[in-house]
Amino acid sequence: MSSFDQVSRRAKKLEADGRIGEAIKLYEEFLQKFPKNSRAKAAREELLRRTKSASMSAAQESYQTAKALFDRGDFAKGIAIAERIVTEVPESAEAWNFLGAAYFRSQNLVEAERCLRKALEIDKKLIPAWTNIGTLFHAQNRLDQALVAFQNASFLEPENGGFYNSIGGILISMGRLEEAEQFCARAIKYAPNLPNAYSNLAIVFYHRSKLDLAKKAYEKALQLEPQNFAAFGEYFYIRAKLCDWSEVAIELPDTSPVGEPGNSMSPFSMLPYEDDPFAQRKRSEVRARELQVPNRFPAFQPPSARPEKLKIGYFSADFHNHATMSLMMGVLGAHNKDKFEIHAYSYGGVKEGWRRAQFQEKVEKCWDVHGAADEEIVKHAREQGIDIAIDLKGYTDQGRTRLFAHRIAPVQISYLGYPGTLGADFIDYMIADRSVIPDQYRDAYSEKLIYMPHCYQPNDAGRRFEPSHQSREDLGLPERGFVFCAFNGCYKISPREFEIWMRLLDKVDGSVLWLLGGSEDAVSNLRKEAELAGIDPGRLIFADLVPEEQHLARQAHADLFLDTFNVNAHTTASDALWAGLPILTVAGKQFAARVAASILKAANLPELIAKDEAEYEEIALDLALNPEKAQALKVKVQEQLQTCPLFDTKSYTIALEAGFEAAYDHYLNGVAPEDIDLSSSV
């Protein structure tokens with residue numbers, strides 16, 4: 001009997017006893033000695049084929065069981081079964097892909113990537129593995145790798161519209177909008193009924209200032225998927241930007257939409273529509289649940305002693321010529337560098353501008369982390385030993401609040417950028433004051449509050465600008481006549497205040513309304529609304545966008561700034577006062593609707609806070625019909641600039657730092673976060 005015959009008999013006996021792995025190993029050992037033996041090769045391959053077939057059959061049953069467990073949210077049991085599947089069929093790319101997808105659903109991204117890479121190592125043509133790993137990379141902000149993964153999938157299946165849509169979405173995140181538009185169009189060509197393709201196209205149109213096209217694209221997305229709350233939020237926001245007050249083309253599935261994790265309503269997009277801080281909290285809590293991640297970083301342990309300097313980390317995309325920096329520049333310069341070490345984590349794409357250069361001089365460390373994955377940024381911040389991490393963006397455009405879900409620092413604070421609660425259990429504190437959050441609305445905010453002594457908003461008393469050398473005529477304004485001004489963004493204007501403004505124009509001969517120019521469509525819509533109200537559209541004057549100094553200077557030609565209601569003037573209100581222009585407001589309910597009232601109290605101008613819309617109209621009319629009163633008010637504004645708390649940058653910064661220290665001391669002493677009231681320090 002030949003050597004192979006002896007091995008074959010032993011292998012068959014092992015197989016009959018169910019010891020298949022040992023039988024395969026026996027053939028492999030024989031082939032190491034006799035690599036050219038064709039009978040041994042054939043026997044091994046046949047045994048492998050039978051084994052794989054039997055294993056795959058059993059694996060298929062296990063797969064269905066695991067999938068059912070995943071669908072019920074029982075990830076631990078499902079993953080245990082999926083792990084057993086890859087043990088039974090270790091050469092199955094499909095099995096590894098399934099396990100990788102399971103880990104991804106359970107938010108274990110490290111294991112998910114390992115398994116998906118194993119699947120692609122076995123079979124580089126396995127399309128689901130490319131799409132799964134691409135989705136994983138996109139979720140981690142590893143955009144270059146995500147793009148390659150979906151490109152590979154599209155090469156393998158060139159008429160799959162979903163793949164082109166994913167590529168479009170990644171290109172949007174990368175800021176490559178022209179390319180993104182092409183891929184979104186290709187997605188629609190191959191998948192004309194894919195709602196998300198129209199949503200992505202709408203995002204491209206929005207960022208390319210094609211707002212009317214963006215609105216139409218969202219309408220198409222909502223026709224295809226009426227329950228898409230995420231699209232509804234953006235659709236409403238674009239309508240607000242357009243000042244489109246016509247009947248809504250798409251019927252809301254819910255009268256007070258909130259959505260659910262994975263399909264949430266944008267908290268920011270609904271601010272202009274609904275002055276309800278409790279509804280805003282619900283939307284924010286849903287959004288926060290979408291941002292939850294498994295905590296793969298060790299929990300922070302308080303040090304035995306307070307650090308000599310607290311390391312403060314500001315996180316934002318807006319460290320450039322932006323409204324946030326207009327407000328923050330003074331604070332950054334006034335920070336006590338003996339007690340605090342200031343780090344700035346800049347994840348925005350804009351890296352130029354005069355403010356960017358100034359800002360970099362005011363902080364100890366400026367880390368450019370644009371394009372970095374979330375976990376890379378968190379790891380870096382933890383290595384730097386950041387004690388207090390501050391989210392300056394929240395739920396605004398380009399915000400990366402998910403960073404904070406990983407726990408960047410032992411103390412995490414929401415500040416300035418988003419005017420409302422983030423509804424997240426990973427945000428410990430929010431900087432506020434008792435005007436923007438009075439006691440009756442306290443429960444609408446999930447964070448513990450650091451109440452500033454006067455106004456939550458910082459201001460830079462060091463800003464300077466030359467007086468305007470332009471005449472009213474240069475600016476398109478009448479030489480004579482009362483100039484009502486409303487320099488808020490168009491999205492803040494609603495029919496409520498606009499109707500009042502039109503009545504004021506009707507009652508004050510020769511008056512005009514000076515607005516900040518928006519898109520051509522928004523300007524056209526506002527002119528049409530004026531005409532419908534019986535007002536000559538020519539009495540609406542639209543100001544061009546100009547550099548900050550020119551914008552501040554030209555406001556000397558206005559007589560009264562009329563605030564918007566649901567979303568007040570924020571930076572714009574401080575700008576107006578700094579330029580010597582009075583601003584008239586009404587205090588609403590939600591944070592965004594109470595900012596101007598807070599600013600006016602801190603400016604020692606409480607008489608400009610109307611108790612309701614009727615009084616708002618009454619005060620505005622009285623000032624317009626009595627120019628001497630308006631002039632006296634402008635003189636008072638100028639007198640208050642150097643003495644009021646609003647523009648006392650040094651005192652503001654000292655109070656802010658006291659808030660930071662109190663929050664850190666709670667952590668250091670093992671005390672849970674609690675409200676911190678700094679008003680007694682005044």
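Listed values, structure above:
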quantity	calculated
Failed condition for ALA221, given (1) assigned to a loop (DSSP other than H, G, I, E, B); (2) at pLDDT 95 or above; (3) not polar (S, T, N, Q)	(1)
Residue identified as assigned to a loop (DSSP other than H, G, I, E, B) and among the hydroxyl-bearing types (Ser, Thr, Tyr) among SER199, SER209, SER166	SER209
Check on LEU532, in the same structural domain as GLU617 (by TED's automatic domain parsing) and either closer than 24 Å to ARG472 by Cα or touching a Lys or Arg at 6+ places or on another chain (Cβ under 8 Å) (or both)	no
Whichever residue in the stretch 118-163 is among the acidic types (Asp, Glu) and part of a helix (DSSP H, G or I) and, among such residues, is farthest from TYR347 (Cα to Cα)	GLU121
Members of the stretch 169-180 that are under 16 Å from ASP397 (Cβ atoms) and outside any helix (DSSP H, G or I)	MET174, GLY175
Single residue of the stretch 528-538 satisfying the filter (touching a Pro at 6+ places or on another chain (Cβ under 9 Å) and crowded, with 18+ Cβ neighbours inside 10 Å) that is farthest from GLU617 (Cα to Cα)	GLU529
Single match in ILE599, ILE619 (criterion: part of a helix (DSSP H, G or I), touching a residue at least 40 places away in the same chain (Cβ under 8 Å) and among the β-branched types (Val, Ile, Thr))	ILE599
Of all residues making up the stretch 159-211, the number that are touching a Gly at 6+ places or on another chain (Cβ under 6 Å) and either touching a residue at least 60 places away in the same chain (Cβ under 8 Å) or among the aromatic types (Phe, Trp, Tyr) (or both)	3
Some residue of the stretch 246-264 being without any contact (Cβ under 8 Å) to a residue 40 or more places away in the chain and assigned to a helix (DSSP H, G or I)	no
Every residue from the stretch 552-572 that is outside any loop (DSSP other than H, G, I, E, B) and either under 20 Å from THR396 (Cβ atoms) or modelled with pLDDT under 95 (or both)	THR571, THR572
Only one of ALA655, ALA630, ALA672, ALA662 that is surrounded by fewer than 17 Cβ atoms within 10 Å (Cβ to Cβ) and in a helix (DSSP H, G or I)	ALA662
Test set (1) in contact with a strand residue (DSSP E or B) (Cβ under 9 Å, 6 or more places away or on another chain); (2) surrounded by 20 or more Cβ atoms within 10 Å (Cβ to Cβ) - PRO478 fails condition number	(2)
Boolean, SER209 is of a type in the set (Ser, Thr, Tyr) and surrounded by fewer than 18 Cβ atoms within 10 Å (Cβ to Cβ)	yes
Members of the stretch 217-275 found to be within 20 Å of the chain's Cα centre (by Cα) and acidic (Asp, Glu), listed by number	GLU234, GLU260, GLU274
Scan of the stretch 377-388 for residues that are surrounded by 16 or more Cβ atoms within 10 Å (Cβ to Cβ), part of a loop (DSSP other than H, G, I, E, B) and not charged (D, E, K, R), ordered by number	ILE386
Among the candidates PHE315, PHE300, residue that is buried (at least 22 other Cβ atoms within 10 Å of the Cβ), modelled with pLDDT of 95 or more and under 30 Å from GLN360 (Cβ atoms)	PHE315
Residues located in the stretch 405-456, provided they are within 21 Å of ALA610 (Cα to Cα) and in a helix (DSSP H, G or I)	ASP439, GLN440, TYR441
Hey, ASP123 under 17 Å from ALA372 (Cα atoms) and either of a type outside the set (Val, Ile, Thr) or over 33 Å from the mean Cα position of the chain (by Cα) (or both) or not	no
Scan of the stretch 337-354 for residues that are surrounded by fewer than 20 Cβ atoms within 10 Å (Cβ to Cβ) and touching a Ser or Thr at 6+ places or on another chain (Cβ under 8 Å), ordered by number	GLY348
Verdict on ARG463 being in contact with a helix residue (DSSP H, G or I) (Cβ under 6 Å, 6 or more places away or on another chain) and farther than 30 Å from GLN280 by Cα	no
All positions within the stretch 242-260 that are at pLDDT 90 or above and either surrounded by fewer than 22 Cβ atoms within 10 Å (Cβ to Cβ) or in contact with a Pro (Cβ under 7 Å, 6 or more places away or on another chain) (or both)	ASP244, TRP245, SER246
Selected residue [among the small types (Gly, Ala, Ser), touching a helix residue (DSSP H, G or I) at 6+ places or on another chain (Cβ under 6 Å) and either at pLDDT below 95 or not assigned by TED's automatic domain parsing to the domain that holds ASP428 (or both)] from ALA614, ALA587	ALA587
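Residues checked against (1) among the β-branched types (Val, Ile, Thr); (2) in contact with an Asp or Glu (Cβ under 8 Å, 6 or more places away or on another chain); (3) assigned by TED's automatic domain parsing to the domain that holds CYS485; (4) closer than 25 Å to LEU600 by Cα:
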residue: GLU628; (1), (2), (3), (4): no, no, yes, yes
residue: VAL635; (1), (2), (3), (4): yes, no, yes, yes
residue: GLU639; (1), (2), (3), (4): no, no, yes, yes
residue: TYR652; (1), (2), (3), (4): no, no, no, yes
residue: ASN669; (1), (2), (3), (4): no, no, no, no
residue: ALA672; (1), (2), (3), (4): no, no, no, no
residue: ILE676; (1), (2), (3), (4): yes, no, no, yes
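The values are calculated or read from the model by the stated rules, or taken from the named source; none is laboratory data. Everything quoted here is computed from the prediction, not taken from an experiment. Glycine also receives a Cβ, built like all others from the backbone with ideal geometry; neighbour counts cover every protein chain displayed.
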